[in-house]
Ligand code: 3PG
C-alpha cells in the first residue's frame, strides 16, 4: 500500500469541498485540522480552487490536500503548482492519467464498471475512485468488482452518514469521499462553529 493510501485508510473519509472564496480556505483548513479531519479534496468546480489549495497548504503544511474534479492537463499543472498531494478525477481519462504519471503525481481516477477498472489497471493504477457510487450499484457493485480485481476503491457520490460504514466495512475500500462532511453553505456563510461540530461528528459516525 502506498504512503498516500495508508494515510487515507487511517482517515477513513475524505471531505470533498467546493469553495467559492479562497480567503476562507485557511480558516476551513483550521476547522478540519483541529477537529480530527486534516484532509480535503478541493474540487476544480470553482475558480477559487487553486488559490484555496495554496492557502490551505500555507496554513497547514502537513494537511493531506488533493484536487478533485480534475478534467484537463492544465488543471493538473495548476493543482501541482498549488501544492497538492494527490489528484482525483470523476472519470477515467487516459490523457490526464498519463500526464499525472509523467509528473509523478498520484492520480485516483473514477471508474464504475469492469472495463474501466481493467483500463486503469493496464495503466498501472490500483487505487481508484468508485464514482458515482450509489447510482452505480453501491456496496453490491463494489463487492462484485473487488471479488475480481486486486484494486482498492474510494467510493464517492451518494455516500452519506447512513451508508458510509457499509462501504468502509469492505476490505477493498481505503476511504470514502463525500460532500456531506463539509456543506458549501456553511463555508460561504462562515458558520465555522457548526462546521466544527459536523467535522467532530464524523469521528463518531465512522469510529476513531
Ligand atoms: C464528487 O465530486 O466526488 C461528488 O460530487 C461527491 O458526491 P456527493 O456530493 O454525493 O458526496
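Structure above, values below:
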item	result
Of 129, 12, 24, the one that fluctuates the most in a GNM where the chain has Cα springs shorter than 10 Å	24
Residue among 87, 53, 187 with the largest mean-square fluctuation in a Gaussian network model of the chain, springs linking Cα atoms under 10 Å	187
Where Rh is the Kirkwood radius over Cα pairs, Rg/Rh for the range 16-149	1.00
Inter-centroid distance (Cα atoms) of the range 56-108 relative to the range 17-36, Å	18 Å
Computed [θ] at 222 nm, deg cm²/dmol, the chain (DSSP H ≥ 4; -39,500 (n - 2.57); rounded to nearest 500)	-13000 deg cm²/dmol
Choice from 49, 162, 78 with maximal GNM fluctuation in the chain (Cα, 10 Å cutoff)	162
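Every read-out reported here was derived from the displayed coordinates using simple, explicitly stated rules and does not represent laboratory data. Model, not experiment: these values are computed from the prediction.
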